[in-house]
1. When you scan the stretch 1-88 for helices (runs of 4 or more DSSP H) that lie fully inside it, which ones turn up with 1 or more residues that are closer than 17 Å to ILE104 by Cβ?
2. Condition first: closer than 22 Å to GLN4 by Cα, touching a residue at least 24 places away in the same chain (Cβ under 8 Å) and among the aliphatic types (A, V, I, L, M). Now tell me which residues in the stretch 32-69 satisfy that.
3. So, in the stretch 70-105, exactly how many residues are surrounded by fewer than 17 Cβ atoms within 10 Å (Cβ to Cβ) and either touching a residue at least 60 places away in the same chain (Cβ under 8 Å) or of a type in the set (Ser, Thr, Tyr) (or both)?
Amino acid sequence: MGIQDVIKEQVTKNRIVLYMKGSPDFPQCGFSANAINILRACGVEDFFSVNVLEDPEIREGIKEYANWPTIPQFYVGGEFIGGSDIMTEMYESGELQKLLEKTIA
């Protein structure tokens, strides 16, 4: 199985996925920390996270998968939502909470 297949499986088999630097309990960049804080503010505790610092293949492969150059990358229901900046905008507008409520329910 190629790295793109691995990523596709992770994204489609888990409702909420965050590719990040570090772990939810120990984010290793400010953008990843911001993404975790937003998820927690939305009441999301149960999600699948991937520490891209542990796997260089995933770190590069995820950029190709979404055609998005930065990490973190956030997926809901198999769909790429965006990075930390888009999560922030969606959270501030209330759009992210609505999306997550539908996904968690």
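Read-outs: derived from the displayed coordinates by stated rules, not from any lab. It should be emphasised that the depicted structure is a prediction, and the values quoted were computed from it without experimental measurement. Please note: Cβ atoms are built from the backbone with ideal geometry, for glycine as well, and neighbour counts cover all protein chains shown.
1. Details: elements: 3-13, 30-41, 56-66.
It comes to 3-13, 30-41.
2. Matches in the stretch 32-69: VAL50, VAL52, LEU53, ILE58, ILE62.
3. Number of matching residues: 6.
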